[in-house]
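The values are calculated or read from the model by the stated rules, or taken from the named source; none is laboratory data. In this text the structure is predicted, and so the values were computed from the model without any measurement. Every residue, glycine among them, receives a Cβ derived from its backbone with ideal geometry; neighbour counts consider all protein chains shown. Note: accessible area is taken over every heavy atom of the protein model, side chains too, but ligands, DNA and RNA are not part of it. Shrake-Rupley method; radii C 1.70, N 1.55, O 1.52, S 1.80 Å.
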Amino acid sequence: TQFYCGKLVDLGSVGSLLTEICLTSIFTQFVRFNPKKMESIWAILELLLISAIVLAFGLAAAIVFETFRRRFNHTHVEAPPVFEDPTSFKPVRCPHIFDPAEKYISLIIPAYNEEHRLPGALEETLNYLQRRAANDSTFTYEVIIVDDGSADGTKRVAFEFVKRHSVDNVRVILLGKNHGKGEAIRKGMLHSRGELLLMLDADGATRIDDMEKLENQIHAVAKKGQQSEDSAGRDSTIKISDVPAAVFGSRAHLEEKALATRKWYRNFLMKGFHIVVLLAAGSGIRDTQCGFKMFTRSAARKLFLNIRLKRWCFDVELVYLCKWFRVSMNEISVNWTEIPGSKVNLLSIPNMLWEMAIMSLGYRTGIWKIYS
């Protein structure tokens, strides 16, 4: 009694004392009267420890294997897309990112089972583009819809818009099976015709007229580069497509409101992902996952020929590659609304961590070569 009273004074907490008394008593009684059971528990703990070590080594080996498998960037869809004129049913020439630009801007929209959300987003987007084209003869555009192996009527919806707006303004790429958002965007970027290339989501979560904010930032970067050329006495006739620049739409200014309104697991994903991104790609962009990003043709050529990740984390790889190539990066706040039907869920966490681990190992060890 005196001993525990002494502990009571030291601990300063009746709760802590009672917990210690109970645990000590239970452990003593268990060991005294159940030595065989105690040996069994130690055997189970040893088995669990060994299993954990084996799993850790197995996971590490799998990450190394997958990193080497993607070493030469051959895991992407290599077959060229075939564009078809819906009026004549004749194939249309397929452009490539190395070809000179033929349009002012290309909009790349990845779509996976977006039969219901895609029509509204496309209608709003094309109405906006048509208004701008009517007021400015130099504003030429194309919309590229990349069907990422949808199992619903996404393909049908996309081709309806091709028929209404012509294959010169709206084109569809079919990947055949689901490869991931990153792969769909990469495919669209590599076969686009624009001086500027904008990726945006099929749900219409970001207002399309916000693309002007991104445009203005790229033009500001180009103007600054032109002034530097002038001051150095060099030829300053630089095309906007030749300026290596990227602008990331950002929802960072909406984070406080998002935390209060979004589902708990999406907030958990967001916070955890921010930490992982900081470790993998470093600081610089607060919101890497906003699906509203613009690139010049020069920047897209460097970035999307090297990108290896196919799904959620490809945005982080873009940030890493922008830093590697010294592509100008800027972050611009955009208007954004959460649209029902998001495909991000708790099952996305293991895939995100998997891809981030592969990317970090691949680039930091030099296993993944970056081609310029």
>> Any residue that is part of a helix (DSSP H, G or I), of a type in the set (Asp, Glu) and closer than 30 Å to residue 205 by Cα - is there at least one of those in the range 64-85?
In response: no
> Just one of 102, 46, 114 is open to solvent by less than 40 Å² (accessible area, probe 1.4 Å) and modelled with pLDDT of 85 or more; which is it?
Replying inline: 114
>> Tell me whether the range 75-94 contains one or more residues that are of a type in the set (Val, Ile, Thr) and more than 27 Å from the chain's Cα centre (by Cα).
In response: yes
> Just one of 220, 205 is farther than 25 Å from residue 305 by Cβ, without any contact (Cβ under 8 Å) to a residue 24 or more places away in the chain and aliphatic (A, V, I, L, M); which is it?
Replying inline: 220
>> Pairs needed: first member in the range 63-82, farther than 15 Å from residue 173 by Cα and at pLDDT below 90; second member anywhere, assigned to a helix (DSSP H, G or I) and of a type in the set (Lys, Arg); C-beta distance under 8 Å; at least 6 residues apart or different chains.
In response: 75/69
>> Condition first: open to solvent by less than 10 Å² (accessible area, probe 1.4 Å), under 10 Å from the mean Cα position of the chain (by Cα) and farther than 14 Å from residue 247 by Cα. Now tell me which residues in the range 292-315 satisfy that.
In response: 309, 313, 314
> Within the range 149-165, can you find the residues that are open to solvent by less than 20 Å² (accessible area, probe 1.4 Å), free of Cβ contacts under 8 Å to residues at least 60 places away in the same chain and either hydroxyl-bearing (Ser, Thr, Tyr) or in contact with a Pro (Cβ under 6 Å, 6 or more places away or on another chain) (or both)?
Replying inline: 154, 157
